[in-house]
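The values are calculated or read from the model by the stated rules, or taken from the named source; none is laboratory data. Predicted, not measured: the structure shown is a model, and the values here were computed from it. A quick note on method: Cβ atoms are made from the backbone with ideal geometry, for glycine too, and the neighbour counts reach across all protein chains shown.
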Amino acid sequence: MTGKGKRALYKGEWMPIASAPTNGNPILVSHSTYKWVHEAFWGQRMGDSDDGEHDEYNTEWGWLRDDDSGLEPTHWMPLPKAPQ
């Protein structure tokens, strides 16, 4: 990570989604136009077959929430540390 990225993490600034980690760990994601914020992770989602059921052979990679719904975020930041 570059020095600028480290400063962005420290200051709590939103960063472009292209720089987000794709290791499956949860992060905060947002969309700059719609202003929503969700906890999400990069993962594989089962797509839908022609009959509307999940199809294990039709999979997609992308930003997901815990309910398996996909997101198209524009920015991200790490989750804050839990209170002690």
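Of note:
- Pairing residues of region 18-44 that are farther than 12 Å from GLY62 by Cβ with residues that are surrounded by 13 or more Cβ atoms within 10 Å (Cβ to Cβ) and among the aromatic types (Phe, Trp, Tyr), at Cβ distances under 6 Å and at least 6 apart in sequence or on separate chains, gives GLY24/PHE41; PRO26/PHE41; ILE27/TRP76.
- If only residues of region 68-84 that are over 14 Å from LEU28 (Cβ atoms) and within 13 Å of the chain's Cα centre (by Cα) are counted, the one that is modelled with the lowest pLDDT is ASP68.
- Of the residues making up region 36-45, at least one is within 17 Å of HIS75 (Cα to Cα), more than 11 Å from the chain's Cα centre (by Cα) and at pLDDT 90 or above.
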